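The values are calculated or read from the model by the stated rules, or taken from the named source; none is laboratory data. Here the structure is a predicted model, which means the values were calculated and not measured. Note that we place each Cβ from the backbone using ideal geometry, even for glycine, and neighbour counts take in every protein chain shown. Side chains are part of the model used for accessible areas, which takes the heavy atoms of the whole protein and leaves out ligands, DNA and RNA. Shrake-Rupley method; radii C 1.70, N 1.55, O 1.52, S 1.80 Å.
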Amino acid sequence: MVTYTIKNYHPEMLESWLRCRALAYMRSSFQDEITAEKEHVSADNGISLVAVKDQQVIGIAEAIFLDHGEAKAESYGLPPNTVLTTLDTLAVHPDYQHVGIAKALLTHLKKQLESRGGVLLIYTLDDEAANRLYKTIGAKLCYKASIVHGHSPHNHVPQWTDFQVTKDGEVTVYDEHGDEVPYGQDMETYYVGKVRNFKQLTSVSEIVTEHVYTLAV
């Protein structure tokens, strides 16, 4: 049994926090999020929790408060003006995974969010354990979309700027003019909200599925 304490993050924990995140993400789908910096989180803009053992951070759960300009509740099929928070980081040191630390951190996080209310948005990819965990704590799958490495036959592909979840759990993607597009460019990949639109891309080398959950708090 692993003995640890869950507490609020403090700046003197930074190096241990960064090390924990780096080791947790090293063999995951989130390798590109390993950096030498940590987003500033205060009581005004979010919640930052850590699991600590022997003065070392072995688990992280961090949530960021969103305003209407950053995310629209209606896009997720939620009532207008629903208060939104997003799970920015969830990571557990590989030496301490699969012993319930992530679930304990999420439970504490949800408890602290009760006074704010609303919905916690959770983004993850194809990791089975992560998806199982979110379902276990009561999160509901809102939608799936795909990040596709491929080629578009069109010379100009619009940047996608908005979306709307459909009743069947897919996503309608819109360009900057509010027009529906089959896919939008997302840096060097394409963001595809509906499976039927895959056929419009060629030379597809990889498809990564994004799973988005909502958790009432």
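Numerical summary
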| quantity | calculated |
| --- | --- |
| 5 angstrom amide H check on L66, placed H, neighbours 5+ away | L84, T85, T86 |
| Of K103/K199; K72/K110; K38/K167; K140/K194; K167/K199; K135/K167, pairs whose Cα-Cα distance is over 31 Å | K103/K199; K38/K167 |
| Pair K144, Q159: separation of 7 Å Cα→Cβ label points (nm) | 2.9 nm |
| Loop trypsin sites (Lys or Arg not before Pro), segment 1-82, which have at most 10 other Cβ atoms in a 10 Å radius of their Cβ (DSSP) | R27 |
| Residue range of the chain that is longest and free of GluC sites (Glu not before Pro) which are both DSSP loop and sparsely packed (at most 16 other C-beta within 10 Å) | 115-175 |
| Normalised contact order of the chain, rounded percent, pairs of Cα under 8 Å and 6 or more residues apart | 19 percent |
| For segment 1-50: rounded, prolate or oblate by the Cα gyration tensor [a/c cutoff 1.5] | oblate |
| Heavy-atom surface of segment 83-187, accessible at 1.4 Å and reported per residue (Å²) | 54 Å² |
| Sites N45 and D179, calculated FRET efficiency, Cβ-Cβ separation with R0 45 Å, nearest 0.05 | 0.85 |
| With DNA, RNA and ligands ignored, accessible area of D32 (1.4 Å probe; Å², nearest 10) | 130 Å² |
| Backbone HN-Hα couplings from phi across segment 58-64 [Karplus 6.51/-1.76/1.60, Hz, Gly and Pro as x] | 10, x, 9, 9, 9, 10, 10 |
| W17, W160, reordered so the largest accessible area comes first (probe 1.4 Å) | W160, W17 |
| Residue with peak Gaussian network fluctuation, the chain [Cα springs, cutoff 10 Å], from T85, T202, T107 | T202 |
| Rounded if a/c under 1.5, otherwise prolate or oblate - segment 161-201, Cα gyration tensor axes | oblate |
| Among Y143, V171, G184 - extreme Cα towards positive end, dipole of segment 129-217, charges at beta-carbon | Y143 |
| Dipole moment magnitude, nearest 20 debye, the chain about Cα centre, only Lys, Arg, Asp, Glu C-beta charged | 960 debye |
